[in-house]
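The values are calculated or read from the model by the stated rules, or taken from the named source; none is laboratory data. The shown structure was predicted, so the numbers you read here are calculated from the model rather than taken from an experiment. Virtual Cβ from ideal backbone geometry, glycine too; neighbours counted across all protein chains shown. Only protein heavy atoms, including side chains, enter the accessible area calculation; ligands, DNA and RNA are left aside. Shrake-Rupley method; radii C 1.70, N 1.55, O 1.52, S 1.80 Å.
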Amino acid sequence: MADAVRSAADIGSNKRVVERTPREKLCDVLFWFVRASVVVNIIILFFPNFNAARVTDQINKNMSLFTCGVSYKTLITNFGRAFARGWVPEAAFKLLNASSLIIIAAVVIMIIGACMSLGNNKMKKTSTFFTIGGSVVEICALIGIYRSYDMLLGSEKIEKVNPVFPAIFWLYVVLAGVALFVSAAELILVPTTKGEKAEMAAKYRLFLMMLPILVLAFVFCYLPLFGWRYAFFDYKSGETLSWDKFVGFKWFKSLLNTAATRKDVVRVVKNTLAMSGLGIATSWVPMVFAIFLSEIKNTTFRRVVQTFTTIPNFISWVLVYAIALAIFSTDGFINTFLTSIGHPTMTNYLLSDSHMWLKMLAWGLWKGLGWSAIIYIASISGIDQQLYEAATVDGAGRFAKMWFITIPELIPTYMVLLLMSIANILSNGMEQYLVFSNSINKNSIEVLDLYVYNLGITSGLIPISTVIGMVKSIISVILLFAANSVSKLIRGESIV
Amino acid sequence: MTHEEKLSKRAEEKYFKEHTTKIKLTPGDIVFNILNYLFFILFTLSCIFPFYYIFINTISNNELVKKGVITFFPQQLTIQNYIMMANVNDLWNSFVVTILRTLIGTVLMVFASALAGYLMTKQEMWHRKFWYRFLVITMYFNAGLIPTYLNLSMLGLTNTFLVYIIPAIVSPYNIILVKTYVESIPGEIEESAFIDGAGYWTIFYKIIWPLSKPILATIAIFGAVGHWNSFQDSLIYNSNSPELYTVQHRLYVYLNQSSNLSAMVNGATSSSDTAALSGAMNTKIIQYTISMITIIPIMLVYPFMQRYFESGIMLGAVKG
């Protein structure tokens with residue numbers, strides 16, 4: 001089938017396989033320089049450390065060139081007073097903003113060019129117009145930035161602006177220059193045939209259609225890994241990283257050497273393993289739920305049970321907590337009910353530290369049981385009825401049939417889910433534990449994810465919380481591969 | 001099936017009905033059945049009673065609720081509490097934010113998953129295998145909460161509405177689901193379209209999109225519920241922008257500021273929106289009413305969702 005489609009695609013693009021001449025091969029190599037310079041240019045637009053428009057110390061350190069271009073308001077946050085007093089020419093900032101915006105536009109033009117350079121010779125030739133045009137525009141905008149720096153130098157109270165020429169400016173110049181000169185060379189080098197139509201091979205067209213999604217995946221899944229560098233620096237939120245703050249493995253060591261931290265980590269890991277462990281120990285419950293539910297012959301009853309027990313899975317943990325309040329708090333259902341039957345009580349069951357692990361397990365089961373059972377219910381309905389009939393003939397009772405037919409049929413599904421939950425033993429999420437935590441149960445409810453949140457976001461201790469998250473991620477990946485190998489070993493099938 | 005076949009089948013059924021003796025239930029069976037039914041009745045009740053309890057407390061007379069009389073049945077019905085909620089601008093603001101993110105986020109996610117799922121079936125794509133692994137691998141690692149936060153903050157997405165939408169567009173799991181589904185569509189359909197001169201886009205929106213509607217509906221519904229229930233991203237990335245709080249986050253705030261809320265009810269502060277809640281309502285009733293309003297949208301789509309449960313969960317077992 002694949003071959004048929006491929007040949008159909010070849011017909012569609014009218015592609016002939018022709019040997020490429022040395023000149024064309026040279027062009028192909030040169031185009032990689034253009035594309036590389038465009039890609040680097042895109043990336044540095046978004047990094048605050050590579051902001052060529054940061055011409056004074058007063059501009060926020062965490063602003064990228066992109067932000068300078070799209071948000072004039074953020075650009076001038078620190079200059080309200082300076083403008084009002086006439087210390088700084090506002091025109092310089094308008095020019096800076098406009099230049100940044102033009103750089104963004106220029107990069108967009110170059111992106112179009114870089115994408116088009118994947119086409120045939122005719123399209124390649126057209127693409128050079130875009131890359132040349134884009135790089136010329138970028139150079140003009142860079143001159144604009146230089147000009148605004150000049151204007152700032154001439155401001156009345158120079159110590160209030162403190163202009164600093166960003167060294168990174170030259171990287172932009174080099175990138176634009178590379179794109180300009182290589183594209184100009186390509187314009188001459190790329191051979192053209194009369195009457196050739198601009199088109200692109202199917203494989204590149206498909207790739208370009210896919211590209212936006214790949215870029216998003218890169219930005220939001222791979223780029224965060226780059227944030228692991230914070231684990232090796234002495235970083236406080238709001239600052240920028242610099243090499244003089246490099247501390248190596250200091251935070252890793254402090255995790256083990258500082259008594260208070262070590263105690264905290266041990267407590268949190270204990271909570272995490274205990275609650276995940278309880279979850280794993282009860283992971284057979286949905287299977288039994290499904291088996292017993294299928295023992296009920298009344299279909300309407302079965303459907304009603306399934307419908308209502310699945311609801312809790314679709315409400316958020318915040319709402320579960322709202323329900324917990326309604327039932328177990330001081331003026332909740334339990335107290336109201338006990339009072340009404342003559343046992344006046346005023347206990348807030350949520351404000352207690354006892355059996356926290358079991359309570360969290362119970363809430364997890366309440367929320368997830370009906371939903372987790374669905375996969376088993378579906379599998380049970382797929383079991384061959386003849387097996388049961390044969391067993392009945394052989395005199396098997398209800399439990400014998402469950403034990404010797406149903407359970408063995410469900411075990412493969414169960415094993416996959418079990419191995420996955422073992423691989424996820426360290427990541428039990430934070431939502432459930434966050435909503436239920438309060439000052440009284442804090443010590444027995446805090447799991448790793450919640451601890452990282454409290455440490456990093458609430459207390460702002462970025463490096464140490466990064467270290468914990470990093471170690472956790474690495475262990476999780478190792479566990480996943482271990483679980484996968486186990487699965488391959490015993491089932492001959494991988495789970496990932 | 002011909003008429004005669006039908007007749008013979010009916011006769012066969014009738015025969016079996018008359019001639020199979022009902023298996024007699026042993027006492028053990030009866031006890032088992034009773035216990036079994038009892039368990040499921042109790043568990044089902046435990047799943048719906050809390051919702052019912054909250055609901056009857058919001059529609060009963062507030063004085064009775066405060067006295068703690070309402071346990072199983074509503075008394076002196078009123079919808080006053082819900083009408084009062086109309087004045088809580090914060091809540092409606094969160095509603096608008098959440099509805100927008102649910103709509104926009106789901107549409108973009110479904111579109112991206114459909115497109116990527118389709119493209120990933122195309123063997124002729126440049127380095128298809130590599131890019132497929134590039135996507136799938138992201139399901140198995142996670143940089144962690146803080147690096148993710150710093151990344152979004154560096155990109156200027158924190159404290160913006162876009163942080164709800166953009167990071168959620170690409171979902172490798174859903175891409176795999178769509179890819180598996182598209183692979184089951186006969187290749188001849190696509191081929192004939194190719195020969196008729198259709199390009200990839202035309203094939204995508206004229207053939208693949210309509211034919212994969214079942215799977216797209218499944219991922220849309222689960223995606224929408226995920227967006228509606230999202231709480232963490234609002235809490236972590238937008239904590240400094242109350243105007244961008246999602247409904248769940250807003251509810252969380254209300255649940256935790258009980259002292260504040262009751263102060264407002266007692267008229268201690270009258271400047272805020274929440275002061276509008278004073279009058280006959282106390283903290284408990286306010287919390288109940290807001291919880292109920294937050295649940296309602298889920299309950300409304302729930303009947304439609306049900307038929308996608310099995311396809312949703314079963315497809316999860318099929319991986320490419």
The listed residue being open to solvent by less than 30 Å² (accessible area, probe 1.4 Å), away from chain B (no Cβ under 13 Å), part of a helix (DSSP H, G or I) and out of contact with any Gly (no Cβ under 8 Å at 6 or more places or on another chain), out of A:I490, A:I411, A:I422, A:I405: A:I405
Unique residue being farther than 30 Å from B:L135 by Cβ and either away from chain B (no Cβ under 11 Å) or of a type in the set (D, E, K, R) (or both) when the list is A:F301, A:F292, A:F249: A:F249
Considering residues of region B:133-148 that are free of Cβ contacts under 8 Å to residues at least 40 places away in the same chain and part of a helix (DSSP H, G or I) only, the residue nearest to A:W228 (Cα to Cα): B:P147
Search result, residues across region B:150-170 that are over 14 Å from A:A217 (Cβ atoms) and more than 7 Å from every other protein chain (Cβ to nearest Cβ): B:L152, B:S153, B:L157, B:T158, B:N159, B:T160, B:F161, B:L162, B:V163, B:Y164, B:I165
Filter result for A:P286 (more than 9 Å from chain B (Cβ to nearest Cβ), buried (at least 20 other Cβ atoms within 10 Å of the Cβ) and under 22 Å from B:L45 (Cβ atoms)): yes
Among the candidates A:T458, A:T413, residue that is at pLDDT below 90 and out of contact with any Phe, Trp or Tyr (no Cβ under 9 Å at 6 or more places or on another chain): A:T458
Only one of B:D90, B:D29 that is more than 14 Å from chain A (Cβ to nearest Cβ), surrounded by 11 or more Cβ atoms within 10 Å (Cβ to Cβ) and either at pLDDT below 85 or more than 30 Å from B:I175 (Cα to Cα) (or both): B:D90
Counted residues, region A:425-440 - those being open to solvent by 40 Å² or more (accessible area, probe 1.4 Å) and touching a Leu at 6+ places or on another chain (Cβ under 6 Å): 1
Positions within region B:171-201 being under 18 Å from B:T138 (Cα atoms), within 9 Å of another protein chain (Cβ to nearest Cβ) and in contact with a Gly (Cβ under 9 Å, 6 or more places away or on another chain), in sequence order: B:I175
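Yes or no, residue by residue, for (1) under 28 Å from B:H249 (Cβ atoms); (2) surrounded by fewer than 21 Cβ atoms within 10 Å (Cβ to Cβ):
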residue: A:F301; (1), (2): no, yes
residue: A:V305; (1), (2): no, no
residue: A:I315; (1), (2): yes, no
residue: A:P344; (1), (2): no, yes
residue: A:S354; (1), (2): no, yes
residue: A:M360; (1), (2): yes, no
residue: A:G364; (1), (2): yes, yes
residue: A:S379; (1), (2): no, yes
residue: A:L387; (1), (2): no, yes
Filter pass, A:Y388 being touching a helix residue (DSSP H, G or I) at 6+ places or on another chain (Cβ under 8 Å) and either within 21 Å of A:V285 (Cβ to Cβ) or β-branched (V, I, T) (or both): no
All positions within region B:39-56 that are under 12 Å from A:V304 (Cβ atoms) and more than 7 Å from chain A (Cβ to nearest Cβ): B:I41, B:L45
Identity of the residue in region A:179-236, among the aromatic types (F, W, Y) and over 22 Å from B:F134 (Cα atoms), that ends up surrounded by the most Cβ atoms within 10 Å (Cβ to Cβ): A:Y230
Residue match in region A:183-193 (condition: under 35 Å from the mean Cα position of the chain (by Cα) and modelled with pLDDT of 90 or more): no
